[in-house]
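Just below is one structure, and these are the notes that go with it.
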């Protein structure tokens, strides 16, 4: 039985097959992405699938899971390939004025020179049909229904959506995408979603039909921008959730293979590099932005830099002035590092404009075999930075010949020229990595740079060397994105605006998230939920994740021995002999001490620091001054009461409960987002419902500053 993941990239569509139980890579293929085909990128997906099945000799009935990630939504917005959107605003009395004002989002700039055009109409219930007809005459191809409090009662928006479909137009309501108040952002999110709805629905239907025609019974899933997958039915409602699904897939694959606890993941392609942070073994998520406009779409916090393995070198005034953003792929040139040395005989540099409108300061090398691009990959190979077994490994002699030609142009040696290229490349990426380290308080002493993508070996080792950070290339880094697609879990996020939520409110939002995950394809019995409360914004958020089918822990993943876990903890804590504080099921809690300096370094003291390590050796929680309260599931309430009594702080703002986590059986339950003891006790009662009383557990508490 196999799992299949397909990633639609800008140049190639890649497909992988993994063993369904062990997640071992069985094989992979790639085909050119079919942007211009009549069926669009769907044709490339099907071609890759057929090629993969044929080369591995797989029968359709062996496929237990199939999913794909796509850049189609992102590319459509960047290129302005979107439908015009008509907005029907509803409301009466004071709501009418608010609806008129906050739903007029105007034309949205998606990218320089690319805009999403909107048309607006306000309608009383009796005039909804007329409003839809008027918007269609103005050019609207899809309708958005928007009403101030539709998150509480969507009846009005449903009437608009029904009228639009009767008129032959697809429609979306703001209540379908988020349960948060904030009509302007909610409307903007719905407008972006609606603009890509027709194209994405068409592609989803074509792909689903082709997969079914191939005899594959497993439902086709699609990658979301927050690292989960959802069903095609949900894609047809919420295509905006597929934005940035490519970077999300890469991180998912890296977390599977690399056991990253604290790190920065860099997916290095041919043209751009996507950079994201991993903290406590989980990728960091924030709201997505399009054209500088914030949307109510939870997404990986991905920073994209126009620099990658295929980036070409730009020169001026006898120096390297930049690397990229134009890549060899888009210039139609082969890398010098992938040529034979004799093709570079008599190599000399020339300056070119790779595409019409580009500055003519990009350099190319012309030798006996024709014209080649001098790229970051070429410079890295010339300097011997690319490991022998890496995907970006080329011919060092050819790369050095190209860099020697660049050196002749710049009046320096070939090695100096190669270093100048790498310096320029690192200079574009390093500030982004440093910003992530600061923003998410990642400790450089325990943070690792992880490289994925075909160009990872050309950039990540050089970046790590200059930043003084450890690094590694992800296993199968060249196909890490389709691997991430193949192993992704269903994920759903439900957010509600609630003032001082009760335990019953939290339980209701939690159940709503579970139901949403099941609708998206998760097996009902295996959904896990994390609930958090943002008191300042009056927002309750429930994040549900689950597999598409019930399965036990992957037998191919060996649990680490006690000695191996101790070594992981020692490295994470920066001590030789970590102290084992608690063992709860597969979890191990270790303690160490670190020196803290204050008052400009004049004051020194020792501080206890803790690491919670799972059975795979991933540090899932890193905290200072943690208190561990061992117990059993049946006595968790007692230990919670002790922790709350001991570590609740009192001040001008009232009682501030400690940051709490709960280890119970195989689960780490994050309670840190809750604000009151009542909320904590209510959520724990829900989470432990049906759990045997004698199951080992531990409460972890930390006084908030």
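How about region 295-334: which of its residues are over 20 Å from residue 417 (Cβ atoms), assigned to a loop (DSSP other than H, G, I, E, B) and touching a strand residue (DSSP E or B) at 6+ places or on another chain (Cβ under 6 Å)?
301, 302, 306
Looking only at residues of region 108-127 that are surrounded by 14 or more Cβ atoms within 10 Å (Cβ to Cβ) and within 23 Å of residue 201 (Cβ to Cβ), we find that the one that is farthest from the chain's Cα centre (by Cα) is 119.
Just one of the listed residues (335, 296) is within 22 Å of residue 516 (Cβ to Cβ), touching a helix residue (DSSP H, G or I) at 6+ places or on another chain (Cβ under 7 Å) and in contact (Cβ under 8 Å) with a residue 12 or more places away in the chain, and it is 296.
For region 551-567, which positions are more than 17 Å from residue 18 (Cβ to Cβ), modelled with pLDDT under 90 and surrounded by 14 or more Cβ atoms within 10 Å (Cβ to Cβ)? Listed by number, the list holds a single entry, 560. The condition (being under 26 Å from residue 605 (Cα atoms) and either touching a strand residue (DSSP E or B) at 6+ places or on another chain (Cβ under 7 Å) or in contact (Cβ under 8 Å) with a residue 12 or more places away in the chain (or both)) is satisfied by just one residue among 628, 636: 628. Collect the residues in region 692-705 that are touching a strand residue (DSSP E or B) at 6+ places or on another chain (Cβ under 8 Å) and modelled with pLDDT under 90, keeping them in residue-number order. Within region 692-705, 704 is the sole residue that qualifies. Among the residues of region 427-437, not one is loosely packed, with under 14 Cβ neighbours inside 10 Å and in contact with a strand residue (DSSP E or B) (Cβ under 6 Å, 6 or more places away or on another chain). Within region 680-687, is even one residue within 29 Å of residue 573 (Cα to Cα), surrounded by fewer than 18 Cβ atoms within 10 Å (Cβ to Cβ) and either touching a helix residue (DSSP H, G or I) at 6+ places or on another chain (Cβ under 9 Å) or touching a residue at least 40 places away in the same chain (Cβ under 8 Å) (or both)? No.
From the list 203, 242, the lone residue that is under 27 Å from residue 84 (Cβ atoms), modelled with pLDDT under 85 and in contact with a helix residue (DSSP H, G or I) (Cβ under 6 Å, 6 or more places away or on another chain) is 203.
State whether one or more residues within region 674-691 are in contact with a strand residue (DSSP E or B) (Cβ under 7 Å, 6 or more places away or on another chain), outside any strand (DSSP E or B), more than 22 Å from residue 535 (Cα to Cα) and modelled with pLDDT under 95. Within region 674-691 (the criterion being in contact with a strand residue (DSSP E or B) (Cβ under 7 Å, 6 or more places away or on another chain), outside any strand (DSSP E or B), more than 22 Å from residue 535 (Cα to Cα) and modelled with pLDDT under 95), the answer is yes, since at least one residue qualifies.
Scanning region 411-426 for residues that are surrounded by fewer than 21 Cβ atoms within 10 Å (Cβ to Cβ) and in contact with a strand residue (DSSP E or B) (Cβ under 9 Å, 6 or more places away or on another chain) yields one hit, 423.
Condition check ((1) surrounded by fewer than 21 Cβ atoms within 10 Å (Cβ to Cβ); (2) farther than 30 Å from residue 138 by Cβ; (3) touching a helix residue (DSSP H, G or I) at 6+ places or on another chain (Cβ under 9 Å)) across all residues:
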| position | (1), (2), (3) |
| --- | --- |
| 4 | no, yes, yes |
| 13 | no, yes, yes |
| 17 | no, yes, yes |
| 23 | yes, yes, yes |
| 31 | yes, yes, yes |
| 34 | yes, yes, yes |
| 61 | yes, yes, no |
| 68 | no, yes, yes |
| 78 | yes, no, no |
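Checked against (1) free of Cβ contacts under 8 Å to residues at least 40 places away in the same chain; (2) surrounded by fewer than 18 Cβ atoms within 10 Å (Cβ to Cβ); (3) within 21 Å of residue 520 (Cβ to Cβ), residue 219 passes all but a single condition, namely (1). The number of residues in region 282-304 being surrounded by fewer than 21 Cβ atoms within 10 Å (Cβ to Cβ) and closer than 30 Å to residue 390 by Cβ comes to 6.
The values are calculated or read from the model by the stated rules, or taken from the named source; none is laboratory data. Please read all numbers here as calculations on a predicted model, not as lab measurements. A quick note on method: Cβ atoms are made from the backbone with ideal geometry, for glycine too, and the neighbour counts reach across all protein chains shown.
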